[in-house]
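Read-outs throughout are calculated quantities, based only on the coordinates presented, and are distinct from any laboratory measurement. Worth saying up front: this structure is predicted, and the values here are computed from it rather than measured. All Cβ positions, even for glycine, are placed from backbone atoms using ideal geometry, and neighbour counts span all protein chains on display.
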Amino acid sequence: MDKSKKLSIAIIGAGGIGCYYGARLQDQGHQVKLVARGEHLNALQQSGLTLIHPEYSYQGEVSACTLEDLIKQAKPTEYDLILLCTKATSTKSIAKILKNWFDLNKQKTLILSLQNGIDNERVLADALGENCIVGGLAVRIGGHITSPGQIEATGLAQIIMGAWPSYETVANNVYHKHLKQVETAFNKADIPTQLVLDIKRELWRKLVINNGVNPLSALTGLDTKTLSHHPHFGKIVLGLMQEAARAATADNVELTDNDAQEMYQLIRDFDAIKTSMLVDMEKGKALELDAICGAVITRSKQLKIDVPYTSTIYALLKYKIEEKRKNYS
């Protein structure tokens, strides 16, 4: 991989966010394979992708296939980067599939996780080894499939990424050079991207935000701006963020209440977004509840501290999901 080379990238989980990044990269001449399924995949294959963003739009052909066909049709070494944008609920099953696909002694393909939660990279590393795993998060972006093959997105759509579990593991490694080249390629594609030394800290900072707004939005049906400015729910959002910040200590990440306040203000100042968990609730899909609230609760138990806001929202959502299941059965 050199700076002048156009990258070959597979985006597994090409929904709202994956398609946005894919379109940006394809416009810059990179070879992009969108991995999707169902009606969305059929639309991508037959009619192409239509994407609308306040500052960017795309309408045209794309290359798309199922994960099964990706593995049948190509070797992992044919790709410079695999971008994983699926729900955290799918990480274990995808890691197993990728493990069978990769030749662990020869493959040099980076896997960049842009998923919610803090355990995806660990699951991937356990299956594939640490030296090809890149932790990452999509920041200030909202993106959803409005109908098969059609995407609406908003926000700056930044990416923060870093070697897993830390920079030191790849400081003198070929993978660090590859990471720098990916960073350069993304920035040239108008995807503001930053390579950081401590990705675990950044993943926890994102979890603080997700714990604050995702589950409560699924429970109330409200967007992030309405929640954070609500006279009652706003206080709960902040409380959820503070609990997640304290739980980070279990992973040797130090976040303070000031960090939580900073991220609370960030979400208050940002555009109104319908969270992914709310969208999943409306569509009857599985929620990333254990990847977000569950991670905070598990770490808090290790630390022997109470997280009443998170535990309550978790219990209420579990109840709501079960009642919905009963009504449809």
Task: From the C-alpha gyration tensor of the chain, square roots of 5λ in Å - done: 31, 23, 19
TODO: Could you tell me, in Å, what Rg and Dmax come out for the Cα atoms of region 8-197?
DONE: 15.4, 45
Task: At most 16 other Cβ within 10 Å, DSSP loop - GluC sites (Glu not before Pro), region 51-145 - done: 55, 61
Open item on the list: Could you work out the percent of alpha carbon pairs in region 258-329 separated by over 15 Å, rounded to a whole number?
Closed with: 67
Task: Cα-based convex hull, region 170-327, per residue volume (Å³, whole number) - done: 141
TODO: Can you tell me the relative contact order of region 1-138? Whole percent, Cα pairs under 8 Å, sequence separation 6 or more.
DONE: 22
TODO: Output the relative contact order of the chain, whole-number percent, from Cα pairs under 8 angstrom with separation of 6+ residues.
DONE: 15
TODO: Would you work out which of 132, 207, 155 lies farthest towards the positive end of the dipole of the chain? Charges go on Cβ: Lys and Arg +1, Asp and Glu -1.
DONE: 132
Task: Structure-based [θ]222 nm, the chain - -39500 (n - 2.57) summed over DSSP H runs of at least 4, per residue, nearest 500 - done: -15000 deg cm²/dmol
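Could you compute the net charge surrounding residue 120? Neighbours are other residues with a C-beta less than 13 Å from the C-beta of residue 120; K and R count +1, D and E count -1.
Net charge in that neighbourhood comes out at 0.
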